[in-house]
1. Here are some residues: ASP789, ASP772, ASP802. Which one is without any contact (Cβ under 8 Å) to a residue 12 or more places away in the chain and within 23 Å of SER131 (Cα to Cα)?
2. Can you tell me which residue is modelled with the lowest pLDDT among those in the stretch 717-730 that are crowded, with 17+ Cβ neighbours inside 10 Å and touching a Leu at 6+ places or on another chain (Cβ under 9 Å)?
3. Output the residues belonging to the stretch 502-553 that are in contact (Cβ under 8 Å) with a residue 60 or more places away in the chain and over 23 Å from the mean Cα position of the chain (by Cα).
4. Which members of the stretch 359-376 meet the condition of being under 37 Å from the mean Cα position of the chain (by Cα) and outside any loop (DSSP other than H, G, I, E, B)?
5. In the list PHE270, PHE281, which residue meets the criterion of being surrounded by 14 or more Cβ atoms within 10 Å (Cβ to Cβ) and over 23 Å from GLN201 (Cα atoms)?
6. Could you check the stretch 542-581 and list, in sequence order, the residues that are among the hydrophobic types (A, V, I, L, M, F, W, C) and crowded, with 22+ Cβ neighbours inside 10 Å?
7. Filter the stretch 234-263 for residues that are in a helix (DSSP H, G or I) and of a type in the set (A, V, I, L, M); which is farthest from LEU189 (Cα to Cα)?
8. Taking the criterion of being at pLDDT below 90 and under 30 Å from GLY227 (Cβ atoms), would at least one residue in the stretch 159-167 satisfy it?
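The values are calculated or read from the model by the stated rules, or taken from the named source; none is laboratory data. All figures in this text were calculated on a predicted structure; none of them were measured in a lab. So basically every Cβ, Gly included, is an ideal-geometry build from the backbone, and we count neighbours across all protein chains shown.
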Amino acid sequence: MPDEKQFPLSVQAGAGHAGVTDGSGYRQSGQDSAEAMELSTRMVARLVGMPIQALVTSDETGSRVDFQLISGGKLFCLTEPMALDAMLKDLRGAVETALGLRLKRVTAFSEHDPSNLLDDSCELKKYNGKSLVLTFYDDFGDCRRFLQAMETEAFNPQSEGFNAKWTLKAFASEPEVRAGDVINFLQTLGVPEGKTVDFMQIFGRLTSMAEQWNMFCLALLQNFDPGLRTFKHFMCQHWLQLAKDSVTQKVPQSPSPVFLPRVNERATVFDTKMFSVDGCFPTMFPAHLIHTLKVNDAECIGHSMLACASLNSDWFTGQWVEKYKEAVQTDKELEQGGPLKRHDVVRMMHVQLRLSCGIRVVEVEGKLHIPLLQGAAKLLQWHLEEVTQGSGDLGLQHVLRDLLADAKKEVQQLAMRGVLMLVHLSSSHTQDDLRLCRSLSEMSVRFILCSPEAAPGAAGAIDAGAPKHHVPLGWNGDWSLEAFGPDFNAYFERLPYNNCQFETWEGFDETLSKFKDFARENGPFDGVVGFDQGGEFIAQVASRANEGDESLSEIFRFLILFTSTAPKHLSPLGSRRPATPIRLPVLLSWCDGDPNHPFQEYEELPLFFHRDFREVIRHDEGHLPPTFRKGTESYDRFARFLEAMQQGDVFVPTDHKENRQVANLFLPLRRSPAVSRPRGRRRLLVAAVPGGSSEEEANYIQGLEDAVARGEMIELEAQPFVRIGSTPDPLGRARLMSELCLVGAESFAVSAGDVTVQVQAVAYSEEQQLFDWHPRPDEVPSHQLRRRDVILDESHDARARDWARGWAQRALAEPRDDEALFLVGCCTGAFLAFALARAFIEDFGITPAGLFLVNPTPRLPWSTTAMPGALQDCAVHVFVDGTATYGPPWRYEVSTMGSFSVKRYSDVQDMVQQVLQEVKHS
């Protein structure tokens with residue numbers, strides 16, 4: 001891969017489980033792109049073969065490209081613009097280089113013309129403000145085909161799925177196996193999603209080498225004894241386990257046996273040999289296969305260098321004969337130097353397997369055999385450097401950077417493969433030391449990190465009192481997660497899928513219990529910083545302390561919360577939303593363009609803190625805490641907050657626009673009791689979506705239908721602490737939203753069936769029918785939202801209120817004193833129904849009995865909700881469909897002092913019936 005100087009693009013990845021949730025840390029500007037690459041590839045690798053959207057934005061500096069799912073979730077972006085004259089082929093190269101993917105090909109078409117595949121030479125700038133639909137095809141296709149065959153037990157002669165004719169060549173003409181087709185199989189194996197690419201590199205390398213060997217021909221194997229007939233099946237089972245262990249564990253002191261293929265002088269695989277500490281075979285091998293392999297002398301210790309060279313034979317294309325002879329000679333020299341211990345050889349095989357398959361940092365328990373490592377490094381053309389971490393003032397970072405600078409020069413001069421850094425870590429090494437090595441690693445700079453031997457019995461010890469959901473480090477593929485305090489690494493998970501309206505926080509109660517123990521033993525604290533779920537958890541702690549939980553009282557004085565949300569109304573924790581404003585100094589910061597959640601979720605949390613105690617700072621750095629660069633306004637505001645906390649001063653929020661926007665708003669509100677109305681006439685005014693369902697909606701649905709037809713829509717069921725689920729049935733929801741845009745007065749009139757309920761349409765003029773309330777696609781702040789979810793223009797509030805006065809006046813042309821007035825609107829129509837309710841109250845002194853808002857636009861002009869209680873005590877009921885993922889309707893919640901509720905509906909008819917029931921019985 002080219003280094004950063006040759007190709008300066010870096011990658012910023014969307015977080016969350018595929019959302020993968022990464023609540024542990026963040027990548028600062030300038031940090032090595034490896035961490036971002038790991039985040040991005042864990043998402044892209046699972047979507048290979050699926051169409052994704054590329055949103056192109058071009059200006060005089062070039063073309064910026066953001067990638068997202070067809071359903072709208074953000075994946076990643078190239079943070080540096082492409083050249084102004086960049087073509088589709090350049091975009092392919094940029095993605096391939098930046099993500100470390102090896103792409104075979106990319107297909108592309110314009111979202112508006114799916115029948116016309118684009119040529120590699122088409123210029124990106126021609127699609128400024130538009131979306132391209134791309135499909136990536138990598139070179140893990142053969143590996144996935146192997147995995148699919150193993151899932152069906154195609155290699156097992158004792159299985160109904162056995163296929164003696166199966167070879168990669170024979171199945172090459174079959175449809176490609178997409179990433180989504182093997183996700184469930186990988187999950188059952190226990191492969192963390194963040195390690196999928198590393199797993200595929202190891203398993204794919206071993207199987208692709210062996211597939212050219214005649215002993216991997218199933219038809220041939222059936223001519224041998226019962227043991228050998230199962231050879232391919234169990235060898236692949238062994239390699240599955242080996243690959244999984246290689247990406248989830250350190251190389252242990254007592255390594256498991258490993259079978260590796262060896263390549264002969266003609267560059268073809270001629271056998272596989274087992275390297276084992278005690279002569280034992282892999283545990284999954286049956287007795288009859290072990291007997292056959294023993295007869296055929298499968299075990300080997302003396303040819304380790306040839307096995308290492310064989311794993312790298314593709315690197316030495318064109319000079320393999322010389323490298324083969326060198327490997328054989330090196331094995332002889334090592335044997336002549338004295339007998340090698342099995343233990344040392346097997347550990348070296350595990351290390352070299354990982355390095356040969358592209359793993360950049362290999363962690364090892366204890367020390368390695370140095371002559372073996374030196375022999376392998378020389379053979380494979382690595383420049384070996386050895387570093388021992390000391391306890392002096394000279395930090396590991398300083399030592400490594402100096403050594404690397406000199407080593408890279410020598411590598412260039414000698415035309416070597418790269419630098420191999422052997423680092424002996426001290427017993428006091430920290431996670432920061434591990435992160436440092438990861439950040440310095442690249443394809444041409446590899447690290448072997450040797451940790452001191454653990455005390456007997458220490459490895460794998462688990463606190464017997466830990467809750468059942470106690471999560472081990474690296475459970476989600478992110479090994480940078482650290483324990484909170486000495487032992488506190490309990491965790492909670494959002495289920496069943498990201499941004500679900502009724503999500504559960506699985507494990508929250510156990511986490512809270514553990515936190516109370518931790519706080520009692522280690523607190524009190526001056527302040528707490530929380531990011532993502534960490535911030536959400538701490539906000540809950542603060543709320544419960546504010547409401548009198550003595551076990552949580554006075555354990556911290558202030559909070560700093562980054563990209564944190566409150567429980568949703570429909571969630572089980574909805575009943576534990578703060579009951580009174582929290583009186584605790586707090587700084588809250590987020591990015592409206594955050595790819596993980598709609599920003600309305602972040603906007604809502606500050607409202608639960610008393611307005612005299614909160615400082616709000618927006619940033620533009622995605623799902624990350626902001627960097628707060630010195631000399632910027634945000635830095636000054638952050639420093640001012642910290643200074644006040646340090647000095648113990650009373651904190652007064654700054655007079656900044658971001659504070660002023662919500663200065664008068666807070667939750668919860670003290671609400672008027674519901675009014676019981678005598679049974680009498682009721683009138684329901686229906687504000688339909690102006691213009692109905694648009695061509696934009698039709699194109700969106702068509703794109704999803706095409707993806708379904710191609711089998712490219714993947715739906716995953718959630719498994720607690722294994723994976724988060726995917727949003728169900730995106731096509732069904734898109735159709736429902738389109739149907740909502742067609743709902744009018746007739747939809748309610750047909751179902752009313754009651755002469756006491758009169759249904760009447762809000763009559764729009766031609767100008768009003770054609771007016772577009774929503775921003776251009778490139779103005780939508782978040783990829784979590786669509787155009788219909790956003791009204792940004794502040795002047796639109798005044799326009800809506802002006803038009804609403806006319807609608808109200810016409811509705812009141814015939815006085816009806818005994819009549820209860822209700823209003824309903826769907827999507828954009830909900831915004832207009834809201835404006836109409838205000839017109840009745842402010843201009844005519846009539847408070848509607850109820851306002852029903854169905855999937856209302858969640859982002860409104862700030863002036864619309866500048867003051868709370870604009871609707872007085874009008875009851876407001878928000879209806880959302882079962883799979884809605886956009887943010888909370890807090891703008892409507894703060895607008896009424898009457899009752900407020902959020903309800904779910906299944907389809908249009910269900911929604912209509914619920915609204916009419918409320919109208920009839922209110």
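1. On the way: ASP789 fails: without any contact (Cβ under 8 Å) to a residue 12 or more places away in the chain; ASP802 fails: within 23 Å of SER131 (Cα to Cα).
On inspection, the qualifying residue turns out to be ASP772.
2. Looking at the filtered set, the residue picked out is ARG723.
3. Hits for the stretch 502-553 are ASP526, GLY527, SER543.
4. Taking the stretch 359-376 first, the residues under 37 Å from the mean Cα position of the chain (by Cα) are 359-368.
Hits for the stretch 359-376 are VAL361, VAL362, GLU363, VAL364, GLU365.
5. On the way: PHE270 fails: over 23 Å from GLN201 (Cα atoms).
Selected residue: PHE281, the only one of PHE270, PHE281 that is surrounded by 14 or more Cβ atoms within 10 Å (Cβ to Cβ) and over 23 Å from GLN201 (Cα atoms).
6. Taking the stretch 542-581 as the starting set, the residues that turn out to be among the hydrophobic types (A, V, I, L, M, F, W, C) are 542, 545, 552, 555-556, 558-562, 566, 570, 573, 579.
Scanning the stretch 542-581 gives ALA542, LEU552, LEU559, ILE560, LEU561, PHE562, ALA566.
7. Let us first name the residues in the stretch 234-263 that are in a helix (DSSP H, G or I), namely 234-248.
If we keep only those that are of a type in the set (A, V, I, L, M) as well, we get 235, 240, 242-243, 247.
Working: MET235: 16, LEU240: 8, LEU242: 11, ALA243: 10, VAL247: 12 Å.
The residue in question is MET235.
8. The initial filter retains those residues of the stretch 159-167 that are at pLDDT below 90, namely none.
Checked the stretch 159-167: no residue is at pLDDT below 90 and under 30 Å from GLY227 (Cβ atoms).
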